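A short write-up of the structure that comes next.
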Amino acid sequence: MEVDDSTYIFVCQSTSVPGFDKTAPAYGNFDAWIVFTDLAYDVISDISVGGSMADYPVSMEMNDGRWGISCFSYSGLSGNKTVSNQGGGDYWYFEIPTCLPLITVYFDGDGDSYGGADSILTTLCDMQDGYVFIGGDCDDSNSDIHPSASEICNGLDDNCNGALDDDITFFTVYQDQDGDGFGNIDSSYSSCFLPDGYVLYGIDCDDTNPLIHNLQLYYVDMDGDGLGGDEGDFFCSAIPPFDYVSNSDDCDDTTPGLGTLNLFYVDNDDDGYGQPGTAIYFCAFEVPGFATNADDCNDTDPAVNPAAEEVLNGLDDNCNYEADEGLVGVEQQEISPIQLFPNPVTHTLTVQLPESYGPDAPYTILDIRGAIIETGHLHHPFHQLNLIDYPDGVYVINVYIADHLYSHLFIKE
């Protein structure tokens, strides 16, 4: 039918998809295809009208400046059909404008300024509400999804480029079935977010037991004393297997009872008593030249130790910090003819001897432990001893006169 001096309009029945000279989409099995051509029958514009089923055009007429088209329709509300059928097949009438040129617009269902990729494609003379010039919206029900949207990690194609979560950083997540914070390395996938029940660490060797995650190192206990040696193995277990323990503290895993290092002290005189201040550890029960105690007060004399018998010699033989205790004779218990002054002393100690006891008398000075500090002879009636280099403390001076031993304590300050 002639529209004007340069344009024809044709109403056809079409089953074709866009191609060749058809640009309008196909909506159902049969659509009404309205084509505008020039006088040489070259297509100026075309439009498909129909729903998802079969729609057959029957007639066309001019009605108040618009083309009215009658169809027999089997389609419901679908495609670009905007009215529902009342029965299986209904009479359907619609109008299109007669103006030229027609414009192509897309229905924008979600208001994001992009028409749906499969929404109604129509041709109008003027823009109407709800339509836009740009199509390509892959989800016209979600305004956050359209061709210019930024892709985010959500499992959706936000920018309608056909790819899900593209240009997003992905990482491996591991299922954590027992909730211990460690995942199963055999149950993982790549994700751009951390889902519930998944973690970033896939080292759980038993994901059914929250007490076990990574392999545990246990040590062989060869002698069964509860202490492990240097040899160990890894097990997926919260408790050590048989013949294994969780420590490696055994210094000798071949000798039961000998586990930790034992403390010894140097025993120079081999009397079974060690010297204080010489502590050293050995992985042994016994070590030659060493003792397990530090009780010797003179480690150069095997006759001096806590088990020795005290003898009358002016020494502390049994290391009880007393010299010749319990061994003083009757004549020695008499009032001593010797006097010391000053006592306490800071520099010089004067020892006064009686004139009747000869020209000199041997003496020995000992510290409180019985160690000999100084020996010599005293000259009467007064003898001065220089003690300036003595450390502060309590000392004993033993003076031997005519086979008598006289002991006196003095304090150095």
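Peptide packing: for 346-354, 212-220, the average count of neighbouring Cβ atoms within 10 Å per residue gives the ranking 212-220, 346-354, highest mean first. Can you give the FRET efficiency to the nearest 0.05 for V83 and Y201, using r as the Cβ-Cβ distance and R₀ = 41 Å? Efficiency computed from Cβ-Cβ geometry: 0.10. Shape verdict for region 2-101, please, from the Cα gyration tensor: rounded (a/c under 1.5), prolate (a/b greater than b/c) or oblate. Oblate. Structural descriptor for region 335-412: relative contact order 33 percent, calculated from alpha carbon pairs under 8 angstrom and at least 6 residues apart.
When Y406, Y56, Y273, Y189 are sorted by how many other C-beta atoms sit within 10 angstrom of their C-beta, beginning with the fewest, the order is Y189, Y56, Y406, Y273. At full extension, Y281 and Y321 could sit 11.6 nm farther apart than now, given 0.36 nm per residue minus the alpha carbon distance.
Net length available on complete extension from T23 to F10 is 3.2 nm, with 0.36 nm assigned per residue and the Cα-Cα distance removed. Remark: S78, S59 ranked as S59, S78, counting other beta-carbon atoms within 10 Å and listing the fewest first.
With a Förster radius of 22 Å applied to the C-beta separation of I368 and L263, the computed FRET efficiency comes to 0.30.
When both bridge partners sit in the chain, DSSP labels roughly 95% of those beta bridges antiparallel.
Take every Cα pair under 8 Å whose residues are at least 6 apart in sequence, average their separation, divide by the length of the chain, and the relative contact order is 5 percent.
Shown here: Kirkwood radius over Cα pairs in Å, derived from the displayed model; of the candidates (i) 33.9; (ii) 22.1; (iii) 26.6, it corresponds to (i).
Spin-label pair F170-T348: with each label point 7 Å from Cα along the Cα-Cβ axis, the two points sit 10.1 nm from one another.
Each label point was placed 7 Å from the Cα along the Cα-to-Cβ direction; for N214 and E61 their separation is 8.7 nm.
Values in this text are rule-based calculations from the coordinates and carry no lab data. Keep in mind that this is a model prediction, so the values were computed, not measured. With ideal geometry, Cβ positions are generated from the backbone for all residues, glycine too; neighbour counts draw on all protein chains shown.
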